[in-house]
1. Is it the case that some residue within segment 110-126 is surrounded by 15 or more Cβ atoms within 10 Å (Cβ to Cβ), in a loop (DSSP other than H, G, I, E, B), at pLDDT 90 or above and assigned by TED's automatic domain parsing to the domain that holds residue 177?
2. What residue, among those in segment 21-47 that are part of a loop (DSSP other than H, G, I, E, B) and within 60 Å of the chain's Cα centre (by Cα), is modelled with the lowest pLDDT?
3. If a residue must be free of Cβ contacts under 8 Å to residues at least 60 places away in the same chain and surrounded by 15 or more Cβ atoms within 10 Å (Cβ to Cβ), how many such residues does segment 64-93 contain?
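The values are calculated or read from the model by the stated rules, or taken from the named source; none is laboratory data. Note that this is a predicted model, so its numbers are computed, not measured. Cβ placement follows ideal geometry from the backbone for every residue including glycine, while neighbour counts extend to all protein chains displayed.
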């Protein structure tokens, strides 16, 4: 009975030892074996099943894929004394598992070490360059072709640029540019990471923003510029309105003058025609013409409010006096 009782623990022990003698390296990972704290053999970078001495040797697994580092936004002054928030990101990977294990041990330790290295390099680079160099590309053209610059009129750009201080101008030529600055950051930081078994692949500025106090001044200046440009547009619009109104008044006066001239010509022609007709009528029957004109004068006299005192024997009433009683 004692033998079966011993076989069960022995079998369990054999199963435990046997299972701990093998380890699996997953795809995208690498492993390193240590024995009493010392490395044994090289790193295992191929995915598969491997053997180790149970209870004596220990397996350390590391990422072989590219990892992401995101720094905390830092407030940094530029060379032209502009205080900005700089948010940086980087990509890195573990190239030497042994150095990595001996220096930083874990991903958390590596991130902490990268914080110190990259933040320091970024601060040095930003503080030694102008703001325009950090935010602009090296191939940026401050004077784009006219057909491309459709958002802001040329006159507006010239006016705003002339009114700004030289250090605040955004149309300065870029000597270095953001791409070269980030490459310099990568080169400087890349010199310090190999001692930790880390290869730095790239460093990029993710976001740049003014600090709150400067941001407020920038917004106020932008509003002031927009108001100044709007005022210029209104002034130009009023000038154009006055010019158009002047042309309109001049054209209206010309049309009225021509219309009056035409009406006078028509009236003159009509009066001449009437005089001709009257003349012909007078020539044909002078007595009837005199009679007709006298009757018209009688009618016109009745319309007025004035009194006319004449003798009944007057020549004016001869046609009335000639009527039979």
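1. There is no residue in segment 110-126 that is surrounded by 15 or more Cβ atoms within 10 Å (Cβ to Cβ), in a loop (DSSP other than H, G, I, E, B), at pLDDT 90 or above and assigned by TED's automatic domain parsing to the domain that holds residue 177.
2. 37
3. The number of residues fulfilling the criteria is 6.
Per-residue answers, yes or no, for (1) under 30 Å from residue 100 (Cα atoms); (2) in contact with a strand residue (DSSP E or B) (Cβ under 6 Å, 6 or more places away or on another chain); (3) in the same structural domain as residue 72 (by TED's automatic domain parsing); (4) exposed (fewer than 10 other Cβ atoms within 10 Å of the Cβ):
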| position | (1), (2), (3), (4) |
| --- | --- |
| 185 | yes, yes, yes, no |
| 190 | yes, yes, yes, no |
| 202 | yes, yes, yes, no |
| 208 | no, yes, yes, no |
| 216 | no, no, yes, no |
| 232 | no, no, no, no |
| 246 | no, no, no, no |
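Conditions (1) in a strand (DSSP E or B); (2) modelled with pLDDT under 75; (3) within 27 Å of residue 200 (Cα to Cα), marked per residue:
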residue: 3; (1), (2), (3): no, yes, no
residue: 7; (1), (2), (3): no, yes, no
residue: 19; (1), (2), (3): no, yes, no
residue: 49; (1), (2), (3): yes, no, no
residue: 61; (1), (2), (3): yes, no, yes
